[in-house]
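Before any comments, here is the structure.
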Amino acid sequence: MMDFITDSTKFLDRLAGNTEHFRNAMTKAGFIVSGDNHPICPVMLGDAKLATTFADKMMEKGIYVIGFSYPVVPKDKARICVQISAAHSTEDIDRAVK
């Protein structure tokens, strides 16, 4: 099993593709996704109440994101963080973006 994990880039390639797809789709939808091409994607919202409401509404739809606001992040830098994985399908990502 360890040979499979260390010899294959299948999961890393899928993770990279999923991350790129999510970041591109969110940017196209008008959001600012901070950071480089990393699977933990901070979606910048600015307002603390908006980040909390956004995270709550996503949870109601079965999509798990976490809202962060001051004092965890600087004032006016509130965000939700989305963690992309290799297990997500393209449909999962598209559903989250909608």
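The values are calculated or read from the model by the stated rules, or taken from the named source; none is laboratory data. These figures come from a predicted structure and were not determined experimentally. Cβ sites come from the backbone with ideal geometry, for glycine too, and all protein chains shown count toward neighbours.
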Check: Could you count how many residues in region 4-32 are at pLDDT 95 or above, over 14 Å from His88 (Cβ atoms) and not in a loop (DSSP other than H, G, I, E, B)?
Finding: 4
Checklist line | Hits in region 62-92 (condition: more than 20 Å from Gly30 (Cα to Cα), within 15 Å of the chain's Cα centre (by Cα) and surrounded by 12 or more Cβ atoms within 10 Å (Cβ to Cβ)) | finding: Ser85, Ala86, His88
Next item on the list: Just need a number here: residues in region 38-55 that are closer than 14 Å to Gln83 by Cβ and surrounded by fewer than 16 Cβ atoms within 10 Å (Cβ to Cβ).
Entry: 2
Note to self: Based on this model, can you work out whether Arg95 counts as among the charged types (D, E, K, R), surrounded by 12 or more Cβ atoms within 10 Å (Cβ to Cβ) and touching a Pro at 6+ places or on another chain (Cβ under 9 Å)?
What the structure shows: no
Item checked: Selection status of Gly35, in a loop (DSSP other than H, G, I, E, B) and in contact with a Cys (Cβ under 8 Å, 6 or more places away or on another chain) -> yes
Next item on the list: Could you check Lys49 against (1) touching a Phe, Trp or Tyr at 6+ places or on another chain (Cβ under 9 Å); (2) outside any loop (DSSP other than H, G, I, E, B) and say which number it fails?
Entry: (1)
Notebook entry, point to check: Taking region 79-98 as the region of interest, how many residues are part of a helix (DSSP H, G or I) and touching a residue at least 24 places away in the same chain (Cβ under 8 Å)?
Noted result: 6
Check: If we keep just the residues of region 53-78 that are aliphatic (A, V, I, L, M) and part of a loop (DSSP other than H, G, I, E, B), which is nearest to Gly35 (Cα to Cα)?
Finding: Val73
